[in-house]
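The values are calculated or read from the model by the stated rules, or taken from the named source; none is laboratory data. In this text the structure is predicted, and so the values were computed from the model without any measurement. Virtual Cβ from ideal backbone geometry, glycine too; neighbours counted across all protein chains shown. Remember, those area values only see protein heavy atoms, side chains included, never the ligands or the DNA or RNA. Shrake-Rupley method; radii C 1.70, N 1.55, O 1.52, S 1.80 Å.
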Amino acid sequence: MTDSSTAYLFLHTHWDREWYLPFEVYRARLVSVVRSVIAGLKAGELPNFLLDGQASVLEDVLEIDPTLCTPIQKLMEQKVLSAGPWYVLADQMLVRGESLIRNLQQGLEVTAMYGTPAMIGYCPDTFGHTADLPRILQGFNIDTAYVWRGVPSLDSGPVFLWQSNDGSKVVSFQLSRGYYDAGFHNAKEDTDLLAHVKRWMPPNDAHYCKQLQAGLVPVGADHLAPPRNMTQLLDRLTKAIDAAYSGSGSERHDSKSGAGDANLAVLDHALQVVPVALTEFSEKLKSINIDSLPVIEGELRDNSAALVFERAYLLQGVLSSRLYLKRENYIAEHRLVNLVEPMQAILSALRIIDYPSHELKHAWKQLLRNHPHDSICGCSIDSVHREMQSRTVKLHELLNALDADAARAIAAPAPAPGTASKLMTAAKPLPIVDPSFAPDRISFFNTSGESLVSPIPFVWATEEDASGEPFLEDPERSDIQIVASEKSVEIFSGYDNEPIVKPVNVHHGWLWCDRLPAFGGKVMSWSQNASVNPSRQLPKKVEHVKRVREFVSVDARRISNEFLSVEIEPDGTLIVISHETRRRSKMYRLGHSFRDVADCGDSYNFDPLPGDKPVMAKFVGVRQSLNGPLVGSLLLDYEIKIPLELEEVKKPTMTDGFPDEPSAFVRSNKGIVHKIRTEVSLRRGVPIVFFDTQWENKSSDHRLEVLMDTELDVQMSFAENHFSVVKRERPHMKTKLPVAKGTEAPLDRLPCQRFFVANDQVYFNAGLPEYGMDGSNVAITLLRAFTHLSRSRLQTRGGGAGPGVPTPEGNCLGLNRATYGWSPLSSMRGGIFTDSLSESQLIRVYKLVELFEGRFRAALTDSRWSDKVGSLINVENPAVRLVSSYVFDQCLYLRLLNVTDSVQDTRINLRLPVRAAYRCKLNQEPVEEVKIELAQGNNPARISLLPGKNELFTIKLELDHDKEPLS
């Protein structure tokens, strides 16, 4: 008898929560689909079913029809219905690593309410995969992954071992023909079914798993219920196999049992057909000898085999589609992860507030609902993205409430027994305390794991008729800079007092505290209405030149701080002088220019206009803006004349309903002058140049970039992935356009999280995840305007990627804003062509990015807390960064990352009472108890660790609530 093979069928639906139809339309259909799945599973018509690997579908369905809860629970208990482990199927490149961790955390928790989650790394349609996904999955005891896009051509078939930088591995299976397959839905003849299944069998080696002698056949597609009469379809397939059997005799397939018991030869090959749950198939994958598997290290972003893998386009243009969404998401993630959660954790550890666990869980869900790939990627219809913005507004309203309650708790004096405090706050991104009850102290908080120095934004109110200026206790080591003041009517409220509506003066400014302790705070005296304003002059005690240099100075074309000077030449060239020492400095000619080109693409891909000539912005002028001493800035004005739109001059010819070539376009002869304004600023004590650029877009179908000159040819760059730094070489592949049908041009733009490094210079961004390398320049995409969700054929993509519906709001007409930054990375300019960043560079860039983002808050503080506020946690080794901190079940969790590729001897000082400490997985499961070295004299208690190469780990601290926090 010849060798046998197995066709494993997994039944599923792929559920985009929103895409070319709005969320509520899809959700109404989802309820119908789930009802049909439940009916099919109950009747034995379906052997099993996967609800797309995401738990949000359960919440979405049950919110409309709660009566489905019991049957869902029963079917999941019987292990015929699967859901999870994700909360949503997020795009991996456009969200933070911490968001991916919480995505799994929330997904597992929600799924567990109804049954056992499917412990598989199911990622069927992500537009590229992060190098850190294996370590994230392993952190939740998930050791298999299912992917489609981004996998290079493999000689050994669809199974490979995927490895993160820290050495974490998962056995991975490529859905080499994609997840979308309606072959069983559409089959008319028995032979159609057989021909369909044979596509995964030899000699189709790219799709056949030789190790298991099997193919994995998806049965399901976008937003589809399972095929009707699945049992009959399996019977018909069995008959087709029997009819094609070339040997002697045949055995029958029992379709009702859901298993293939027969060896049914197809030509010279015997075949079994077996419906299978992916959790069961994962067990088979794990039985393979991993030493026989090819190893892929790092991210999956290879589109060279797109045609072989069923048009597995990477769709890199989504990195820059609707960049306003990326900016809003960056702001929301930063606020939740780096400010609100750690501030609530600090204040709860100090016994000032109760940690709002349920509220923060709701905040995370609100954020995660914007992370599905068709949502955050900006490749849905316009109404979908308007709803995303509405969710973001709701998220910030919730965070405003939590911040306001925290501000009220720390500012309020102790109430008399049986009474409530009368102090109230206005719920804003930076909450405002009612000036009638403002205390005479202020706390400065730092949520980082090490002591940092930076100006701190603050908003406060004074009575409508107040005079005088605010004042801090030590004008030599502290300072205030008022940026703006306005009259406002504010609503001050709290949960145990009636609200007060009153007119006040609201002041926006920056405060300075000489050095902020790690993960904690520092208290100083504060007067709201002092007789002098130290922001108008340098402190009187300043006598030494070195002290003067610490402040930001501004003149007509130059701003300077202790580390950097920025000068604007008459032609607009931006020059930065780095003051490395008092005797030595270094000059960088950054240039800072704007370039615009036509974009004939769609929401998925940028597409160049053949023969297009870039349009460059003209520098108009410069003037002073903020005058220091904490923040100083210059306003740079530019003008650029951008054609109004693209005009289609030739439609493609069609063959069998498919375009033979892309449409031909020209840029409009009508040009519109766009005014661009960039505020370039320096902050006291921070070696970063900050850029904030705004303009009103009036044109469609184009791409606007900012160019920064490194002065040397850029051959490679190093970009932050999630918890690692990825080396990216400059693409040099020249491709003849248009590309062939079913293929995609090589990737010429690159993704990053918060920063990338080129020629020993680091470039930061706030939601600008796409960059390129062009000669000696780096190019950061600021805007990509497009008019269609998808076009049927592009120069760079040999087919469509979605419905060809218009999306006029994809042009981002109106006000746009982009925030980015720059800093020299190393003291020596040699070694820029090395293959990796040095440890000192890695440590420096991670510290700088925390300064770029800002990890600081200020809060008016009642005197009763003065002795309590201090540093609670201090990570002594700067190579180990505090990624996130939160409270769960009254324990404080610290997520830490060794940013280097070597073992780091690390001590964490603890100035709060801790009963026990544990090293945990990402899922909070303890791995080992960590010994606590008790406090001795002035030395705090501490724990010692040896995190390995680029290791991401979690520390759980069981707090002793019977003892007071240490001051």
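Below are the figures for this structure:
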| item | result |
| --- | --- |
| Which numbered condition VAL483 fails, given (1) open to solvent by 30 Å² or more (accessible area, probe 1.4 Å); (2) modelled with pLDDT under 90; (3) closer than 21 Å to LEU626 by Cα | (2) |
| Subset of segment 281-310 [buried (at least 16 other Cβ atoms within 10 Å of the Cβ), closer than 19 Å to GLN213 by Cα and among the charged types (D, E, K, R)] | LYS284 |
| Residue count for segment 102-123, restricted to those that are touching a Gly at 6+ places or on another chain (Cβ under 7 Å), more than 17 Å from ALA277 (Cβ to Cβ) and open to solvent by less than 10 Å² (accessible area, probe 1.4 Å) | 1 |
| Subset of segment 366-399 (residues that are under 18 Å from the mean Cα position of the chain (by Cα), part of a helix (DSSP H, G or I) and not hydrophobic (A, V, I, L, M, F, W, C)) | GLN366, HIS373, ASP374, SER375, HIS385, GLN389, ARG391, THR392, HIS396 |
| Complete set of residues in segment 186-200 that are part of a loop (DSSP other than H, G, I, E, B) and free of Cβ contacts under 8 Å to residues at least 24 places away in the same chain | LYS188, GLU189 |
| Answer residue from segment 400-431, given it is of a type in the set (D, E, K, R) and within 26 Å of the chain's Cα centre (by Cα) and is surrounded by the most Cβ atoms within 10 Å (Cβ to Cβ) among those | ASP403 |
| Condition met for THR231 (farther than 24 Å from ASP3 by Cα and either open to solvent by less than 50 Å² (accessible area, probe 1.4 Å) or in a helix (DSSP H, G or I) (or both)) | yes |
| Qualifying position, being farther than 16 Å from GLU720 by Cα and outside the structural domain of LEU646 (by the TED database), among VAL849, VAL887, VAL845, VAL880 | VAL887 |
| Selection status of GLU705, surrounded by 21 or more Cβ atoms within 10 Å (Cβ to Cβ), of a type in the set (D, E, K, R) and modelled with pLDDT of 95 or more | yes |
| Wholly enclosed strands (runs of 3 or more DSSP E) of segment 895-967 bearing at least 2 residues open to solvent by less than 30 Å² (accessible area, probe 1.4 Å) | 906-910, 914-920, 941-945, 952-959 |
| Residues that are assigned to a loop (DSSP other than H, G, I, E, B), among the aliphatic types (A, V, I, L, M) and crowded, with 20+ Cβ neighbours inside 10 Å, drawn from segment 144-173 | VAL151 |
| 1 or more residues farther than 30 Å from THR462 by Cα and open to solvent by less than 20 Å² (accessible area, probe 1.4 Å): qualifying strands (runs of 3 or more DSSP E) within segment 833-889 | 873-875, 880-888 |
| Within segment 793-825, tally of residues that are over 12 Å from TYR604 (Cβ atoms) and modelled with pLDDT of 95 or more | 21 |
| Within segment 712-744, considering residues that are touching a residue at least 60 places away in the same chain (Cβ under 8 Å) and of a type in the set (A, V, I, L, M), the one nearest to GLY150 (Cα to Cα) | VAL726 |
| Residue in segment 632-645 that is β-branched (Val, Ile, Thr) and under 24 Å from ASP709 (Cβ atoms) present | yes |
| Residue check for LEU50: farther than 22 Å from CYS377 by Cβ, assigned by the TED database to the domain that holds LEU108, surrounded by 16 or more Cβ atoms within 10 Å (Cβ to Cβ) and not hydroxyl-bearing (Ser, Thr, Tyr) | yes |
| Residue identified as more than 15 Å from ARG677 (Cα to Cα), open to solvent by 30 Å² or more (accessible area, probe 1.4 Å), of a type in the set (Val, Ile, Thr) and not in a loop (DSSP other than H, G, I, E, B) among VAL597, VAL576, VAL649, VAL620 | VAL649 |
| Test result for ALA345, in a helix (DSSP H, G or I), closer than 30 Å to SER863 by Cα and touching a residue at least 60 places away in the same chain (Cβ under 8 Å) | yes |
| For VAL903: the one exception among (1) more than 25 Å from the chain's Cα centre (by Cα); (2) in the same structural domain as LEU707 (by the TED database); (3) β-branched (Val, Ile, Thr) | (2) |
| Considering residues of segment 365-398 that are of a type in the set (A, V, I, L, M, F, W, C) and in contact with a Leu (Cβ under 7 Å, 6 or more places away or on another chain) only, the residue surrounded by the most Cβ atoms within 10 Å (Cβ to Cβ) | CYS379 |
| Selection status of GLU567, at pLDDT below 95 and surrounded by fewer than 20 Cβ atoms within 10 Å (Cβ to Cβ) | no |
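Yes/no per residue for (1) open to solvent by 10 Å² or more (accessible area, probe 1.4 Å); (2) of a type outside the set (Lys, Arg); (3) at pLDDT 95 or above; (4) closer than 30 Å to ALA312 by Cα:
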| site | (1), (2), (3), (4) |
| --- | --- |
| VAL666 | yes, yes, yes, yes |
| ASP709 | yes, yes, yes, no |
| LYS727 | yes, no, yes, yes |
| MET733 | yes, yes, no, yes |
| LYS736 | yes, no, no, yes |
| ALA740 | yes, yes, yes, yes |
